[in-house]
Amino acid sequence: MPESETNPMNELQDAVRAAAGRVEARAAVEGIYRELAAEVEARRPLCVISGRCCRFEEYGHRLYVTTLELAAFLNGFENMPPSATLTKSMASWDGTGCPFQVAKLCGVHAIRPFGCRIYFCDATSTQWQQDAYEAFHARLKRLHESLAVPYFYVEWRQALRALLPLPTR
Ligand code: SF4
């Protein structure tokens, strides 16, 4: 049996790469992100730019992503202008936190996945975040069905290691 049929990470890689090449799939994800941005803009939860939420082990949470989020991200990443700072940050990544965090900022802000767009440490917005997360995540999930894209829900670094040349430490 070919390895791609037995290794879920290879299946993920195939599904993400196939979806990343589909204009309508990327447009659908971007449409959801635009609507979410409008809701965030209306609610205006506080972000103190501590950068802690991207240092997952320190903060005690994890980021999970779907196939279509990864597809939109991968296409954006592969078409980004080269950044020596980001390349250096990724090459020196120690396997904890997010490999795209540069100082306290997001080095892939424009193409970050859904979870990064909805999470705020503002305690006053917790219920709003939960409600918005459920509503938008459900829409993302349904998009996989309507576009016939295999649905994966994978921890961010695990997915990135399957898709990008990152240090293995
Ligand atoms: S993609 Fe950006 S916002 Fe999301 S965890 Fe990584 S550095 Fe943070």
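The values are calculated or read from the model by the stated rules, or taken from the named source; none is laboratory data. In this text, all values refer to a predicted model and were calculated from it rather than measured experimentally. Every residue, glycine among them, receives a Cβ derived from its backbone with ideal geometry; neighbour counts consider all protein chains shown. Surface accessibility is based on the protein's heavy atoms, side chains included, excluding ligands, DNA and RNA. Shrake-Rupley method; radii C 1.70, N 1.55, O 1.52, S 1.80 Å.
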Exercise. For residue 88, work out the one condition from (1) more than 12 Å from the ligand (Cβ to nearest atom); (2) under 16 Å from the mean Cα position of the chain (by Cα); (3) among the charged types (D, E, K, R) it doesn't fulfil.
Key: (2)
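I need a count of the residues in segment 74-96 that are more than 24 Å from residue 26 (Cβ to Cβ) and either out of contact with any strand residue (DSSP E or B) (no Cβ under 8 Å at 6 or more places or on another chain) or touching a residue at least 40 places away in the same chain (Cβ under 8 Å) (or both).
Here is the first cut: in segment 74-96, the ones more than 24 Å from residue 26 (Cβ to Cβ) are 84-85, 88-89, 91-96.
If we keep only those that are either out of contact with any strand residue (DSSP E or B) (no Cβ under 8 Å at 6 or more places or on another chain) or touching a residue at least 40 places away in the same chain (Cβ under 8 Å) (or both) too, we end up with 84, 88, 91-96.
Summing the residues that are more than 24 Å from residue 26 (Cβ to Cβ) and either out of contact with any strand residue (DSSP E or B) (no Cβ under 8 Å at 6 or more places or on another chain) or touching a residue at least 40 places away in the same chain (Cβ under 8 Å) (or both) in segment 74-96 gives 8.
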Exercise. Could you please give the count of residues in segment 26-41 that are open to solvent by 70 Å² or more (accessible area, probe 1.4 Å) and in contact (Cβ under 8 Å) with a residue 40 or more places away in the chain?
Key: 3
Quiz item: Do any helices (runs of 4 or more DSSP H) entirely within segment 1-61 hold 1 or more residues that are touching a Phe, Trp or Tyr at 6+ places or on another chain (Cβ under 7 Å), and if so, which?
Solution: 8-20, 23-43
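For the structure I just gave you, tell me whether residue 71 is out of contact with any strand residue (DSSP E or B) (no Cβ under 9 Å at 6 or more places or on another chain) and more than 16 Å from the ligand (Cβ to nearest atom).
Values: out of contact with any strand residue (DSSP E or B) (no Cβ under 9 Å at 6 or more places or on another chain): yes; more than 16 Å from the ligand (Cβ to nearest atom): no.
Judged against the criteria, residue 71 is not a match.
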Quiz item: Do we have any residue at all in segment 126-138 that's within 24 Å of residue 8 (Cβ to Cβ), more than 16 Å from the ligand (Cβ to nearest atom) and of a type outside the set (Val, Ile, Thr)?
Solution: yes
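To keep it simple, each residue is scored yes or no on (1) open to solvent by 50 Å² or more (accessible area, probe 1.4 Å); (2) aliphatic (A, V, I, L, M); (3) more than 20 Å from residue 126 (Cα to Cα).
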| position | (1), (2), (3) |
| --- | --- |
| 10 | no, no, yes |
| 14 | yes, no, yes |
| 24 | yes, no, yes |
| 43 | yes, no, no |
| 48 | yes, yes, no |
| 85 | yes, no, yes |
Exercise. Test each condition in (1) in contact with a helix residue (DSSP H, G or I) (Cβ under 7 Å, 6 or more places away or on another chain); (2) surrounded by fewer than 19 Cβ atoms within 10 Å (Cβ to Cβ) for residue 69 and report the one that comes out false.
Key: (2)
Exercise. Select the helices (runs of 4 or more DSSP H) contained entirely in segment 98-166, then report the ones holding at least 2 residues which are surrounded by fewer than 16 Cβ atoms within 10 Å (Cβ to Cβ) and either in contact with a Pro (Cβ under 8 Å, 6 or more places away or on another chain) or of a type in the set (A, V, I, L, M, F, W, C) (or both).
Key: 126-146
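Looking at 113, 99, which is the one that is over 24 Å from residue 24 (Cβ atoms), out of contact with any Cys (no Cβ under 8 Å at 6 or more places or on another chain) and modelled with pLDDT of 95 or more? Let's see the steps before the verdict.
On the way: 113 fails: over 24 Å from residue 24 (Cβ atoms).
Criteria check complete, one pass: 99.
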